[in-house]
Every structure is written in C-alpha cells, then in structure tokens.
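Quick notes on the structure that follows.
The values are calculated or read from the model by the stated rules, or taken from the named source; none is laboratory data. All figures in this text were calculated on a predicted structure; none of them were measured in a lab. Backbone-built Cβ (ideal geometry, glycine too); neighbour counts: all protein chains shown. The area values use the complete protein model at the heavy-atom level, side chains included, leaving out ligands, DNA and RNA. Shrake-Rupley method; radii C 1.70, N 1.55, O 1.52, S 1.80 Å.
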Amino acid sequence: MALPYLEAVLCFMILNYIFETYLNIRQHRALKLPMLPKSLAGVISDEKFEKARAYSLDKSNFNFVREAITIVFDITILYYKVLPWVWKKSGELATNVGLNAENEIIHTLAFLAGVMVWSQITDLPFSLYSTFVLETRHGFNKQTIWLFIRDMIKGIFLSILLAPPIVAAIIVIVQNGGPYLAIYLWGFMFALALLMMTIYPIMIAPLFNKFTPLPEGSLREKIEKLADSLKFPLKKLFVVDGSTRSSHSNAYMYGFFKNKRIVLYDTLIQQCTNDNEVVSVLAHELGHWKLNHTTYSFVAVQLLTFMQFGGYTLVRNSKDLFESFGFDDQPVIIGLIIFMHTIIPVQHVLSFCLNLVSRAFEFQADAFAKNLGYAPELRGALVKLQEENLSAMNTDPWYSAYHYSHPPLVERLSALEDLDSKKEN
C-alpha cells in the first residue's frame with residue numbers, strides 16, 4: 001500500500017498555517033499595546049513609538065492577508081495536481097516551438113519558465129502594495145515605479161542567464177551520480193555558493209545599486225583603525241546608495257581570506273548621531289568575524305545541505321512518492337521539489353534552531369563591541385536604528401523566539417546592562 005505522501009504534506013501545511021497564524025495573532029496583540037516596554041520608556045520618544053506601532057500593525061495586517069492567500073494557492077496547486085499539468089503543458093509547448101521535449105534539460109527549463117511566469121504574476125500585487133502603499137505610507141519607499149520595473153526586469157534576465165547552466169548541471173549530476181550522488185550534489189552546490197559569494201558583490205549587486213568608496217575623513221579613519229586593531233584584512237570600504245530605494249539602513253562585510261570589504265548603507269550614516277555610533281555598529285559586525293560566527297554558520301548550512309541531499313537520494317526513485325503528487329514519470333527537478341515539500345516539518349525545526357543560534361551570536365557580537373569600549377555608542381546606535389526603521393517596540397516572546405534571528409531591542413539593551421553589572425561586581 002502506497003504511503004499518503006501528498007495528504008501528509010497538505011496536513012502539515014494546514015497545521016503549520018494554523019500554528020503560525022496563532023503566533024501572528026499573539027504578535028498583533030503585542031503590537032496593539034498602547035505603551036512602551038518599561039525599559040524603553042524615556043529612551044524612545046512617544047512620537048516614534050506611535051509611528052512604529054502604526055507601521056508594525058500595518059505590516060501585520062498585510063501579513064495576515066498575504067499568508068491566507070498564499071496557503072490557499074499552495075494547497076490548491078498541490079491538491080488539484082497543477083504541477084503535473086504544468087509539466088505536461090511545458091513539454092507540449094517546447095515541442096510546438098521545435099525543441100526536443102524528450103531532452104529532460106529542455107523540458108525542465110520550459111517547466112521552470114512557466115513556474116517563473118506564475119510566480120511573477122502572483123507575487124507582483126503583493127510587491128506593489130508593500131512597496132508603493134505600505135512602505136510609502138510610512139515614509140520608507142524612495143523607489144519610482146520605473147525603478148521598480150527596471151529592477152524586476154534585471155532580476156528576470158539574471159534568472160534567465162544563470163538558471164539554465166545550474167539546472168542542467170544538477171540534472172546531469174543526478175543522472176550520472178550513482179552511489180556518490182549526495183557528495184557530488186553537495187560538492188556542486190558548495191562550489192556554486194563560493195562562486196556566487198565571489199561574483200555577487202562584484203558583478204550582480206552593482207546592477208541594482210551604486211557602490212562608491214567611503215570618502216576620506218574621520219569616519220573612514222576610525223573604521224580603518226578599528227579594522228587594523230582587530231587584524232581584519234580590510235581592502236575596500238564602500239557606501240551603497242540604499243536611499244534610492246528605501247530609508248531602511250544596514251551594513252555588511254564580505255570577501256574571502258585576506259580580501260575583505262565593508263559596505264555601509266548611506267542611510268546608516270545619515271541616521272546615526274555621530275561617527276562613533278557607525279563604528280560601534282561595525283564593531284558588532286566585526287565581532288561576528290572575530291568570533292567565527294560567519295564560518296560556523298556557513299559550515300552548518302553546508303552540513304544541512306549535505307544531509308538534505310542524502311535524504312533526497314533515498315527517495316528519488318520512489319515511484320509511490322511521484323505518483324502521490326500526480327506524476328507518472330520521475331524528472332529530476334520534480335523529485336527535488338517534491339522532496340523539499342516532504343521535509344517541510346524538518347526545515348521548520350532546523351530554522352527554529354538556527355534562529356536560536358543566530359540570536360546567541362548577536363548577543364556575543366554585542367558583548368564583543370562593548371569590550372572594545374563601544375557600549376554607550378552601541379546602545380545609542382541600536383536605539384536610533386530602532387527608531388528610524390520604526391521596528392516593533394513590543395514583541396510577543398513566542399513570536400520572536402520562533403521568527404526572529406536577532407533579539408528584540410529590549411533584550412539587547414538588557415544584556416548590555418547585565419554585562420555592565422557583572423563587570424562592576
């Protein structure tokens with residue numbers, strides 16, 4: 001008797017939607033609280049609190065609608081066997097335009113093209129509303145409709161350029177991998193990850209944003225001095241024009257071995273009160289590097305990827321699995337899609353565990369910045385960025401534990417104070 005794979009997947013999807021909706025309701029109630037947490041009273045202005053509250057509630061309401069529509073679409077697609085129909089029609093379309101649909105690579109690319117078109121159509125209303133209604137209403141959106149369209153077209157062309165060779169390679173590996181398939185698949189994805197980490201900031205990111213060297217001055221001098229004191233091999237220091245699209249701020253670093261680069265959003269520089277607050281944010285980021293958080297996270301992701309491919313090799317030839325989802329044959333890409341659906345429960349558990357680790361890393365990086373003498377500046381920067389980004393001031397503990405990769409502001413400030421108390425004692 002065949003196992004009810006499809007029914008099990010649908011059941012979990014519904015249960016997960018109910019659970020996450022419950023968490024969303026808890027968070028919505030927390031967002032509606034009319035008062036700041038006690039620890040933020042007098043730290044965050046009432047005006048900023050009301051703006052953050054309104055912004056968070058708007059995002060919460062939007063999320064309820066988006067999640068409800070998404071679960072209906074996903075269940076409909078699986079229950080009514082839409083994917084097998086798309087697979088069949090994509091093969092017919094490929095044949096009609098003179099291509100050989102018997103070639104699995106060609107058939108797969110035709111199928112993925114149809115999926116991409118559907119994704120663009122269904123995602124577009126949400127993106128437009130989020131960008132030009134929700135974000136505009138609260139003063140964050142800086143994009144014009146033409147810039148939005150231009151970015152979307154660039155993204156589509158990048159997918160058209162990059163997807164075919166990657167998909168073709170995966171299909172060839174699966175068809176010829178034999179008993180070492182999991183190792184070959186992981187090796188390919190590992191090499192691909194390193195390649196993308198190398199070319200994305202150099203070739204892809206500049207297609208969407210302008211990167212300029214941080215001008216000479218006190219800020220640059222302080223950043224270079226900090227990097228030198230930590231023996232961080234800083235080669236280039238950029239400012240990115242994030243303000244052309246949004247008022248939200250950020251900073252990040254990238255690069256391998258002795259060729260590291262730091263990127264500051266222009267909005268971060270504008271929002272921080274002084275240079276030292278910007279440097280304190282980078283001290284936190286460099287803490288992640290010095291404490292090997294980036295390396296640990298990368299290794300963890302690679303191990304999980306290898307385990308997933310190992311699981312895939314165990315079921316990729318399961319006729320019952322494919323038939324449960326409505327497929328008579330066993331295409332490689334379909335097998336991967338189905339497998340990813342069947343391990344959704346495991347992925348949610350792993351995501352929760354990774355968030356726990358990520359939050360622990362954030363506390364450690366804060367402590368690292370504090371030990372460098374940036375505690376007052378870091379507190380000021382965290383509060384300022386919380387205010388300027390209108391982040392949620394009141395958070396439900398269950399919701400934040402499940403969803404947040406970064407601790408809420410209240411917890412981060414409390415942890416910094418605890419470090420002060422321990423040092424005094």
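The rows are residues; the columns are (1) surrounded by fewer than 16 Cβ atoms within 10 Å (Cβ to Cβ); (2) under 30 Å from the mean Cα position of the chain (by Cα); (3) farther than 20 Å from F322 by Cα.
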position	(1), (2), (3)
I69	yes, yes, yes
V72	yes, yes, yes
Y79	yes, yes, no
V82	yes, yes, no
W85	yes, no, no
G91	no, no, no
T95	yes, no, yes
N100	yes, no, yes
E104	no, no, no
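What are the residue pairs meeting all of these: first residue in region 169-181, first residue modelled with pLDDT of 95 or more, second residue assigned to a helix (DSSP H, G or I) and among the charged types (D, E, K, R), Cβ atoms under 9 Å, and 6 or more apart or on different chains?
I171/E104
Please verify whether region 273-293 includes one or more residues that are surrounded by 14 or more Cβ atoms within 10 Å (Cβ to Cβ), within 25 Å of A193 (Cα to Cα) and among the β-branched types (V, I, T).
no
How many of the residues in region 302-324 are under 23 Å from the mean Cα position of the chain (by Cα), open to solvent by less than 70 Å² (accessible area, probe 1.4 Å) and hydrophobic (A, V, I, L, M, F, W, C)? Don't jump to the end; show me each part of the working.
Applying the first criterion (under 23 Å from the mean Cα position of the chain (by Cα)) to region 302-324 yields 302-309.
Narrowing the set further to residues that are open to solvent by less than 70 Å² (accessible area, probe 1.4 Å) leaves 302, 304-305, 308-309.
Add one more test, that the residue is hydrophobic (A, V, I, L, M, F, W, C), and what stays is 304, 309.
The qualifying residues number 2.
From the list I199, I166, I183, I170, which one is under 29 Å from H248 (Cβ atoms) and in a helix (DSSP H, G or I)?
On the way: I166 fails: under 29 Å from H248 (Cβ atoms); I183 fails: under 29 Å from H248 (Cβ atoms); I170 fails: under 29 Å from H248 (Cβ atoms).
Just one listed residue meets the conditions, I199.
Looking at region 140-158, can you tell me whether even one residue there is of a type outside the set (K, R), surrounded by 13 or more Cβ atoms within 10 Å (Cβ to Cβ) and touching a His at 6+ places or on another chain (Cβ under 8 Å)?
The answer is yes, given that some residue of region 140-158 is of a type outside the set (K, R), surrounded by 13 or more Cβ atoms within 10 Å (Cβ to Cβ) and touching a His at 6+ places or on another chain (Cβ under 8 Å).
For the subset of region 248-272 comprising residues that are open to solvent by less than 40 Å² (accessible area, probe 1.4 Å) and in a loop (DSSP other than H, G, I, E, B), which member is nearest to A392 (Cα to Cα)?
S249
In region 184-243, what residues are surrounded by 14 or more Cβ atoms within 10 Å (Cβ to Cβ) and of a type in the set (S, T, Y)?
Y184, T198, S243
Go through region 362-386 and count every residue that is open to solvent by 30 Å² or more (accessible area, probe 1.4 Å) and over 19 Å from K48 (Cβ atoms).
Our first condition is that a residue be open to solvent by 30 Å² or more (accessible area, probe 1.4 Å); within region 362-386, this holds for 363-364, 368, 371-374, 376-377, 379, 384-385.
Filter again for over 19 Å from K48 (Cβ atoms), leaving 363-364, 368, 371-374, 376-377.
Result for region 362-386: 9.
Does L57 satisfy being under 23 Å from the mean Cα position of the chain (by Cα), surrounded by fewer than 17 Cβ atoms within 10 Å (Cβ to Cβ) and more than 30 Å from T21 (Cβ to Cβ)?
Values: under 23 Å from the mean Cα position of the chain (by Cα): yes; surrounded by fewer than 17 Cβ atoms within 10 Å (Cβ to Cβ): yes; more than 30 Å from T21 (Cβ to Cβ): no.
Considered against the rule, which asks whether it is under 23 Å from the mean Cα position of the chain (by Cα), surrounded by fewer than 17 Cβ atoms within 10 Å (Cβ to Cβ) and more than 30 Å from T21 (Cβ to Cβ), L57 comes out as no.
Being among the polar types (S, T, N, Q) and in contact (Cβ under 8 Å) with a residue 60 or more places away in the chain is the filter; apply it to region 45-104 and report the residue that is farthest from I338 (Cα to Cα). First the steps, then the outcome.
Start the filter on region 45-104 by keeping residues that are among the polar types (S, T, N, Q), which leaves 45, 56, 60-61, 63, 70, 76, 90, 95-96, 100, 103.
Restricting the remaining residues to those that are in contact (Cβ under 8 Å) with a residue 60 or more places away in the chain gives 45, 56.
On the way: S45: 50, S56: 35 Å.
Among them, the one singled out is S45.
For every residue, the table says whether it meets (1) surrounded by 17 or more Cβ atoms within 10 Å (Cβ to Cβ); (2) at pLDDT 95 or above.
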| site | (1), (2) |
| --- | --- |
| A2 | no, no |
| L6 | yes, no |
| V9 | yes, no |
| T21 | no, yes |
| L33 | no, no |
| K38 | no, no |
